[in-house]
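The values are calculated or read from the model by the stated rules, or taken from the named source; none is laboratory data. These numbers were taken from a predicted model, which means no experiment stands behind them. Counting neighbours? That spans all protein chains shown, and the Cβs are built from the backbone with ideal geometry, glycine included. SASA here: full protein model, heavy atoms, side chains in, ligands and nucleic acids out. Shrake-Rupley method; radii C 1.70, N 1.55, O 1.52, S 1.80 Å.
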Amino acid sequence: MPFLYLVVFLCCCLLPGCDDAADRLPEPPLVIFTPDPAPLRCLTPQQLREEINICEDLIPKGEFGRCKPRELVPHYITIHATRNMNASANAARHASVLKMGRITGGAVGYLSWHFTVDCGEVRQHLPLNEMGHHAEYGYKPGNLYSIGIEMCENEGNDMPATFERTAKLAALLMHEYRIPLKCVVGHIFWTGKKCPAPLLDDGCLGATWAGFISRVDYYDRCLKFGSQQQKRAENKAG
């Protein structure tokens with residue numbers, strides 16, 4: 001009989017969901033912000049995607065930051081800033097150097113993330129079902145469960161426009177992956193690194209970060225408003 005109990009116990013432990021790591025993910029700090037009072041726009045995901053201007057520019061499969069792919073299960077969106085002030089260091093340039101394996105580090109020898117944003121476009125470097133190496137060292141929650149977004153800081157880049165494009169991208173990803181607003185976090189959340197520096201106040205989360213989150217929230221509400229309007233139109237037509 002004790003052997004039977006042991007078998008039942010082991011089977012229960014191996015059942016999907018009984019020891020789900022996602023249930024034990026860290027809770028982000030509460031961000032207090034003032035919702036943007038601007039009138040809501042009626043936005044569809046496709047309309048927002050077109051405004052963001054996403055260009056797929058992937059690292060070659062099996063190479064550099066994709067040499068040892070591992071599944072990503074998105075529960076967070078992690079915001080970074082490049083800290084690269086060179087005039088040429090826009091989103092396209094970051095895509096180029098990632099594809100050449102020129103950004104080294106991390107557990108596989110190369111850093112990688114999903115999107116780089118500048119004032120004019122977004123470049124996508126990884127599929128959204130593949131983990132990047134951007135938030136923590138190795139196979140830890142910041143990498144395993146978060147989509148990584150880098151904001152350009154290069155000379156000549158319009159930073160307010162970059163923040164706005166990043167907020168739109170974060171809202172779109174929230175909508176597509178059902179990620180709550182509280183799980184839009186800065187790199188600082190995972191490691192304490194003072195990143196994304198342009199959105200921190202004296203190296204800490206403060207009013208600037210709250211303002212950014214307010215814009216993410218605004219576009220999230222615009223998407224929800226658009227969805228409601230579409231359902232109403234469909235109900236009237238039906």
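So the values come out like this:
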| item | result |
| --- | --- |
| Count - residues of region 80-95 that are open to solvent by less than 10 Å² (accessible area, probe 1.4 Å) and farther than 17 Å from Ala135 by Cα | 3 |
| Lone unmet requirement of (1) surrounded by 21 or more Cβ atoms within 10 Å (Cβ to Cβ); (2) touching a Leu at 6+ places or on another chain (Cβ under 9 Å) for Cys152 | (2) |
| Inter-residue pairs, beta-carbon under 9 Å, first among the hydroxyl-bearing types (Ser, Thr, Tyr) and in region 31-50, second surrounded by fewer than 10 Cβ atoms within 10 Å (Cβ to Cβ) and in a loop (DSSP other than H, G, I, E, B), 6+ apart | none |
| Matching option when the condition is closer than 26 Å to Ile32 by Cβ and in contact with a His (Cβ under 6 Å, 6 or more places away or on another chain), among Gly148, Gly192 | Gly148 |
| Residue match in region 45-54 (condition: among the β-branched types (Val, Ile, Thr), modelled with pLDDT of 95 or more and outside any loop (DSSP other than H, G, I, E, B)) | yes |
| Pair list, Cβ under 7 Å, 6 or more apart: region 57-84 residue touching a residue at least 40 places away in the same chain (Cβ under 8 Å) and assigned to a loop (DSSP other than H, G, I, E, B), other residue polar (S, T, N, Q) and open to solvent by 40 Å² or more (accessible area, probe 1.4 Å) | Leu72/Asn129 |
| Near pairs, Cβ below 7 angstrom, 6+ apart or cross-chain, from region 202-225 (farther than 20 Å from Glu51 by Cβ) to any residue that is assigned to a helix (DSSP H, G or I) | Leu205/Ile188; Thr208/Leu199; Trp209/Leu199 |
| Some residue of region 173-192 being open to solvent by 40 Å² or more (accessible area, probe 1.4 Å), more than 27 Å from Lys61 (Cα to Cα), among the β-branched types (Val, Ile, Thr) and in contact (Cβ under 8 Å) with a residue 24 or more places away in the chain | yes |
| Matching residues in region 127-143 - criterion: being open to solvent by less than 40 Å² (accessible area, probe 1.4 Å) and assigned to a helix (DSSP H, G or I) | Gly142, Asn143 |
| Residues within region 35-47 that are of a type outside the set (Asp, Glu) and within 12 Å of Val216 (Cα to Cα), tallied | 1 |
| Given (1) open to solvent by 40 Å² or more (accessible area, probe 1.4 Å); (2) within 27 Å of Arg221 (Cβ to Cβ); (3) touching a strand residue (DSSP E or B) at 6+ places or on another chain (Cβ under 9 Å); (4) not polar (S, T, N, Q), number of the condition Val122 does not satisfy | (1) |
| Residues within region 108-126 that are outside any loop (DSSP other than H, G, I, E, B) and either acidic (Asp, Glu) or in contact (Cβ under 8 Å) with a residue 40 or more places away in the chain (or both), tallied | 7 |
| Residue check for Gly211: over 22 Å from Pro69 (Cβ atoms) and out of contact with any Phe, Trp or Tyr (no Cβ under 8 Å at 6 or more places or on another chain) | no |
| Residue within region 96-119 that is aromatic (Phe, Trp, Tyr), buried (at least 17 other Cβ atoms within 10 Å of the Cβ), modelled with pLDDT of 95 or more and more than 22 Å from Ile188 (Cβ to Cβ) present | yes |
